[in-house]
Amino acid sequence: MKIHDISMDIEPDMLFWWQGKKPEMRSVMRLSDGAPSEVTRWLIGSHTGTHIDAPRHFLEDGATVEQLPLDIFIGPVRVVDATTENDDAITAKTVEQANLNGATRVLFKTSNSEKRLTKKEYDFSFVGIAADGAQALVDAGVRIVGIDYVTIEARDQTDEWPTHHILCGNGVVILEGADLRNISDGTYFMCCLPMRLKGSEGAPTRTVLIEGLEWSK
């Protein structure tokens, strides 16, 4: 059995959505100053690092983080290597060719993992999921879908955000910022638990994939 941590490090100088704010960390108590312990204070957004988007992110009456059933986040997950030479968006054809076979948890590995996710600067050439790809995932019964960049939206769709609207509007949870550099195409056991931020539309997660674990269907 092997455990793969696919979470991004949360740190002040990290990759972040270009219109957002990076994390801030301040020291509250220091051992070096004679304090009895080390204590830090973090200021982070709900969409920091590896995180989920709950339906509330794009739907006014959508479920918030603490309202989501935990079984969405724990169980077998299909990792699909959708890397293409031209960094094409993930489309309905991509989903069809992946042969998901009823998988309800799906992660897409793209060129983002090697080219973009580890950079500190935002890269506007990222690979995302096209609107028809999102609808195909909904039609296939997927409950959570993830990708290896800080947004799942296709790069030419960030004016109208159709992929987010389709997924959130159909109750599909989104996982963004999954580090899939060392993950091969296949099926794993996923544990992806978001922070229980009451009333929030998103939350950071510590997400792991377990290889070689037997599970009941």
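The values are calculated or read from the model by the stated rules, or taken from the named source; none is laboratory data. Computed from a prediction, not measured in an experiment: that's the story for all the values here. Here the Cβ is made from the backbone with ideal geometry for all residues, glycine too, and neighbour counts use every protein chain on show.
Computed quantities for the displayed model
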{"quantity": "Considering residues of region 200-210 that are of a type outside the set (A, V, I, L, M) and surrounded by fewer than 21 Cβ atoms within 10 Å (Cβ to Cβ) only, the residue nearest to M8 (Cα to Cα)", "calculated": "R206"}
{"quantity": "Checking W17 against (1) outside any loop (DSSP other than H, G, I, E, B); (2) touching a His at 6+ places or on another chain (Cβ under 7 Å); (3) hydrophobic (A, V, I, L, M, F, W, C), the condition it does not meet", "calculated": "(1)"}
{"quantity": "Close pairs from region 37-51: first under 15 Å from V65 (Cα atoms), partner among the aromatic types (F, W, Y), Cβ under 9 Å, at least 6 apart", "calculated": "G45/F16; G45/W17; H47/F16; H47/W17; T48/F16"}
{"quantity": "Some residue of region 21-29 being at pLDDT below 95, part of a loop (DSSP other than H, G, I, E, B) and within 22 Å of G202 (Cα to Cα)", "calculated": "yes"}
{"quantity": "Count of region 33-90 residues which are of a type in the set (K, R) and either modelled with pLDDT under 95 or over 17 Å from the mean Cα position of the chain (by Cα) (or both)", "calculated": "1"}
{"quantity": "Test: residue in region 37-51 that is buried (at least 22 other Cβ atoms within 10 Å of the Cβ), in a strand (DSSP E or B) and basic (K, R)", "calculated": "no"}
{"quantity": "Close pairs from region 88-110: first farther than 18 Å from I183 by Cα, partner in a loop (DSSP other than H, G, I, E, B) and of a type in the set (K, R), Cβ under 9 Å, at least 6 apart", "calculated": "A89/R155; T104/R143"}
{"quantity": "Residue ID - surrounded by the fewest Cβ atoms within 10 Å (Cβ to Cβ), chosen from residues in region 180-199 that are touching a strand residue (DSSP E or B) at 6+ places or on another chain (Cβ under 9 Å) and over 17 Å from D81 (Cα atoms)", "calculated": "R196"}
{"quantity": "Residues of region 1-24 satisfying the condition of being in contact with a Leu (Cβ under 8 Å, 6 or more places away or on another chain) and without any contact (Cβ under 8 Å) to a residue 60 or more places away in the chain", "calculated": "P23, E24"}
{"quantity": "Cross-chain or 6+ apart pairs with Cβ under 7 Å, region 62-84 first and small (G, A, S), then assigned to a helix (DSSP H, G or I)", "calculated": "G62/P55; G62/R56; G62/C168; A63/P55; A63/R56; A82/T94"}
{"quantity": "Whichever residue in region 157-171 is touching a residue at least 24 places away in the same chain (Cβ under 8 Å) and assigned to a loop (DSSP other than H, G, I, E, B) and, among such residues, is surrounded by the most Cβ atoms within 10 Å (Cβ to Cβ)", "calculated": "Q157"}
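Yes or no, residue by residue, for (1) of a type in the set (G, A, S); (2) closer than 22 Å to E114 by Cβ:
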| site | (1), (2) |
| --- | --- |
| A154 | yes, yes |
| T163 | no, no |
| V173 | no, no |
| I183 | no, yes |
| Y188 | no, yes |
| S200 | yes, no |
